[in-house]
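Below: one structure, written as structure tokens.
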Amino acid sequence: MKTGRGSALLLAAVVTMVAGDRYPRLGATSPDALTLQEQAQDISPEAMAQIAALLQEKMSRTPTERKMDSQLIYQLKMSRGQAVAAGVQTVATDLPYTDDARVILDVSGEIGDPLLDALRGLGAEIQSVDAARSSVRVAVDLGAIEPIAALASVRFVQPKQEATTSRIGPTPTLARSLARSRGDSEPAARYPL
């Protein structure tokens, strides 16, 4: 397989990420820092070939495919019986589905009646619209994903994104400290977490 300089750089970045956990000195600037080649020795030739094939596949995507999350592309290819990339038959995907086996997607783009009407025309069930974030959540058949991405007003299509939250409030240690300072014997009751 012929790979360009960009592909080689991407491959080096992937190897760096994969090897990073095993070799904490990866980013070190000291003379004894391991070289990328030394780190790559623990990655099998088969895995390296798969990484290269996936990178090559990603670089060869059509303009419509570039507007689609990789998991969606891989799931579409696997559903059609196609290899994900040369020498890579399947990959694990984690797509959210409705009870009736439709994929739940977040579509970003120019949100308005023309896009919503086009989505409905492609069989999408509109679940929610967030015009402030230029996003609409839809449930669709797998086969509608590519036509949705091909719409001119769509910027990107990805699996439903879950909100990430952070608990704000006193930690257990802080709650105990506050309780002791006030003479409370039951910090949990007074300072719920």
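Values computed for the structure shown
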quantity: Count - residues of the stretch 42-87 that are in a strand (DSSP E or B) and touching a strand residue (DSSP E or B) at 6+ places or on another chain (Cβ under 6 Å); calculated: 1
quantity: Flag if Gln56 is outside the structural domain of Ser128 (by TED's automatic domain parsing) and in contact with a Leu (Cβ under 7 Å, 6 or more places away or on another chain); calculated: no
quantity: Those strands (runs of 3 or more DSSP E) lying entirely in the stretch 98-159 with at least 1 residues of a type in the set (A, V, I, L, M) and farther than 22 Å from Tyr74 by Cβ; calculated: 125-130, 135-140
quantity: For Gln89: the one exception among (1) modelled with pLDDT of 95 or more; (2) under 28 Å from Leu54 (Cβ atoms); calculated: (1)
quantity: Any chance Thr93 is in contact with a Phe, Trp or Tyr (Cβ under 9 Å, 6 or more places away or on another chain) and either surrounded by 12 or more Cβ atoms within 10 Å (Cβ to Cβ) or of a type in the set (Lys, Arg) (or both); calculated: yes
quantity: Total residues in the stretch 110-153, condition within 18 Å of the chain's Cα centre (by Cα) and closer than 13 Å to Met68 by Cβ; calculated: 4
quantity: Arg66 being modelled with pLDDT of 95 or more, charged (D, E, K, R) and under 13 Å from Val157 (Cα atoms); calculated: yes
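The values are calculated or read from the model by the stated rules, or taken from the named source; none is laboratory data. This structure is a prediction, so every number in the text was calculated from the model and none was measured. Because the Cβ atoms are built from the backbone with ideal geometry, glycine has one as well, and the counts that use them run over all protein chains shown.
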